[in-house]
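Structure record follows, encoded as structure tokens.
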Number of protein chains: 2
Amino acid sequence: MGVTERKEREKTEMRELITAAAMKMFLEDGYAKTSIRGIADAIEYSPGTIYLYFKDKDELLYEVQADAYGRLLEVFQKEATSTDPLERLSQIGRAYINFGLNNSELYDLMFIIRSPMNVDEKLHKVNGANCLNFLIECLTDCISKDLLRINDVQQATLQIWSTVHGLVSLHLRCRLKIMVESEEDVPQVLIKTMEDYLAAVTK
Amino acid sequence: MGVTERKEREKTEMRELITAAAMKMFLEDGYAKTSIRGIADAIEYSPGTIYLYFKDKDELLYEVQADAYGRLLEVFQKEATSTDPLERLSQIGRAYINFGLNNSELYDLMFIIRSPMNVDEKLHKVNGANCLNFLIECLTDCISKDLLRINDVQQATLQIWSTVHGLVSLHLRCRLKIMVESEEDVPQVLIKTMEDYLAAVTK
DNA sequence: CAAATATAATGAACAATGTTCAGTATGCAA
DNA sequence: TTGCATACTGAACATTGTTCATTATATTTG
């Protein structure tokens, strides 16, 4: 009886249909401005249907978050390929910053949005952990080769993540306007700040 | 005819009444969860009245933001008093982090919340600028005495602000749960990370 | 002081939101 | 063909920010 399997398949297809539409709209308009009704319209179903596949709007968020972390990981793997761990660290930093600037609404729901973290604890530890590990491995490499003025991997991870996240999120929330005059200079300024930081903590 | 003056005074008193209630509720429940109706109830006026004194909810936000920056500045002035610029820098960092952790909802509306920046450009450049200048002066001091491995004041400001903001905001949005196991360790971890950073960039 | 005018406050109404649920339609099994 | 389970609908609910005709209050004028 392959009917239950088909039903199962249809169910996941429907979830993917919804997720895809949600991802598209989240990217364009952001999480907050995207309404369930809007998503329902886009896939030509009624609002109520979405609640047959997702508990609430947050669960939809988690699904898209997982996707987003996957994308970031892909960017890391594509952009940060140097065998020199210090150069690779710089590549990771640049990739992260550019990802944030070029996918601001995605970055928002990945790292800025408030999300009930009961679910998050599990979900973040899948794709999100992969992104983090990419950085951790690089830093482990740097530290084992005694290239940095920081000896603890966790501390180093926290430092660089905070730095790049701080830069990106302050900019996305327009809080850097006091410091950086011209808007179009932002990408370069952020990247320069990150690289100056790396230079300062490099032995 | 002192009547127009009294009217003026009553008008500002009413604004302050609203702002105070808003501040209280923003602190307790956050900006998003505080409704205009709730504020109106608290001061025993009708919802419509608030719109006679504030264009919209955002304008109320700006008013409270200004207050909040003032508070942060006070904390800086009280906590960061060392004559040694390096020690003072550390004091600023600790004060900033503790302020964020102890006033999470306030920190949120100061540095994380999305706010239309047409108004912000002006408003941020008053109290917000004073806070920033406190840091800038300290860093100018450090750099002029050749204590840091960073030579540019703007770069140094951006680095340390990003670092501490990154730490605080990642934690407030529960994104550090992947890295820091125990919740109660967070304050110490954040401060240690900040001080390790300072140590690394110190000559 | 009384009437006319200006100002202040109200609260019902609007549109949009996330979410629910009784009802309807569809497809599968007997 | 009949009965049942599953899928879907869309109206309804509560809540949100915001507006505006109406009412109440206060001030100025005659």
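The values are calculated or read from the model by the stated rules, or taken from the named source; none is laboratory data. Given the structure is predicted, the values throughout are model-derived calculations rather than measurements. Counting neighbours? That spans all protein chains shown, and the Cβs are built from the backbone with ideal geometry, glycine included. The accessibility values were calculated without ligands, DNA or RNA, using every heavy atom of the protein model including side chains. Shrake-Rupley method; radii C 1.70, N 1.55, O 1.52, S 1.80 Å.
How large a share of the accessible area of the stretch A:1-54, in percent, is made up of carbon and sulfur atoms when the probe is 1.4 Å and the other protein chains stay in place? Could you put the intermediate results ahead of the total?
Values: 1890 of 3660 Å².
Carbon with sulfur: 52 percent of the solvent-accessible area.
Report the extension gain between residue A:133 and residue A:203 in nm, rounded to one decimal, defined as 0.36 nm multiplied by the number of residues separating them, less their alpha carbon distance.
22.9 nm
Please sort by residue number the GluC sites (Glu not before Pro) in the stretch A:124-203 whose DSSP state is loop and whose Cβ has at most 13 other Cβ atoms within 10 Å.
Answer by residue number: A:181.
So which helices of chain B fit the span-like rule, where a helix is a whole DSSP H run, its Cα atoms reach 20 Å or more along the axis, and its mean Kyte-Doolittle is at least -1.0?
B:3-29, B:57-79, B:85-102, B:129-144, B:153-172, B:186-201
Quick one: length gained pulling residue A:151 to residue A:82 fully straight, 0.36 nm per residue minus the C-alpha distance?
Numbers: separation 69, 0.36 × 69 = 24.84 nm, distance 2.19 nm.
Separation in residues times 0.36 nm, less the Cα-Cα distance, equals 22.7 nm.
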(request) Pairs of Cα atoms under 8 Å, at least six residues apart: use those to get the relative contact order of chain B, whole percent. (result) 20 percent
(request) Sort shortest first the distances from residue B:146 to its counterpart in every other copy, using label points 7 Å along the Cα-to-beta-carbon line, and give them in nm. (result) 2.8
(request) Enter the Cα centre distance for the pair the stretch A:39-84 and the stretch B:153-194, rounded to the nearest angstrom. (result) 26 Å
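Can you tell me the mean projection area, over all orientations, of the convex hull of the protein assembly as shown's alpha carbons? Units nm², please. Don't jump to the answer; show the numbers that get you there.
Details: hull surface 101.4 nm².
About 25.4 nm², averaged over all directions.
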(message) Take residue B:144 and residue B:51, extend 7 Å from each Cα along the Cα→Cβ direction, and tell me the distance between the two endpoints in nm.
(response) 5.2 nm
(request) Enumerate the aspartates and glutamates that residue A:57 could reach by cross-link, defined here as Cα to Cα under 19 Å, with residues fewer than 8 away along the same chain left out. (result) A:13, A:16, A:28, A:29, A:41, A:44, A:67, A:105, A:108, A:120, A:121
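How many partner chain Cβ atoms sit within 10 Å of a residue's Cβ in peptide B:196-203, on average, as a whole number? Mind showing how you got there, number by number?
Numbers: counts 9, 12, 0, 3, 12, 6, 2, 1.
That works out to 6 on average.
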(request) At 1.4 Å probe size, with every protein chain present, just tell me what the per residue accessible area of the protein assembly as shown comes to in Å². (result) 48 Å²
(request) Report residue B:94's accessible area, 1.4 Å probe, all protein chains in place, as a number in Å² to the nearest 10. (result) 70 Å²
(request) Could you pull out the pairs from A:24/A:145; A:33/B:11; B:145/B:177; A:145/A:192 whose alpha carbons sit more than 31 Å apart here? (result) A:24/A:145; A:33/B:11; B:145/B:177
(message) Run the helix sum for the protein assembly as shown: -39,500 (n - 2.57) per DSSP H stretch of 4+ residues, divided by residue count, reported at 222 nm to the nearest 500 deg cm²/dmol.
(response) -23500 deg cm²/dmol
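If you stretched the chain out fully between residue A:184 and residue A:24, how much longer would it get, using 0.36 nm times the residue separation minus the C-alpha to C-alpha distance? Before the final figure, lay out each step's value.
Values: separation 160, 0.36 × 160 = 57.60 nm, distance 2.57 nm.
That pair, residue A:184 and residue A:24, stretches by 55.0 nm at full extension.
Chains A and B: how much accessible area gets covered up at their contact, both sides added, probe 1.4 Å, in Å² to the nearest hundred? Provide the component values of the computation, followed by the final result.
Numbers: alone 11870 and 11900 Å², together 19470 Å².
The summed interface area works out to 4300 Å².
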(message) Given Cβ point charges of +1 (Lys, Arg) and -1 (Asp, Glu) and nothing else, what value in debye, to the nearest 20, does the dipole of the stretch B:57-201 about its Cα centre take?
(response) 220 debye
(request) Please average, across the residues of A:175-184, the number of beta carbons from any other chain that are within 10 Å of each residue's own beta carbon, and give a whole number. (result) 4
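Provide the FRET efficiency to the nearest 0.05 for the residue B:11-residue B:32 pair, computing r from the beta carbons and using R0 = 25 Å.
Values: r = 28 Å, r/R0 = 1.12.
Between residue B:11 and residue B:32 the formula returns 0.35.
What do you get for Rg/Rh over chain B if you use C-alpha atoms and the Kirkwood form of Rh? Intermediate values should be presented prior to the final figure.
Working: Rg = 19.7 Å, Rh = 18.8 Å.
So for chain B, dividing Rg by the Kirkwood Rh gives 1.05.
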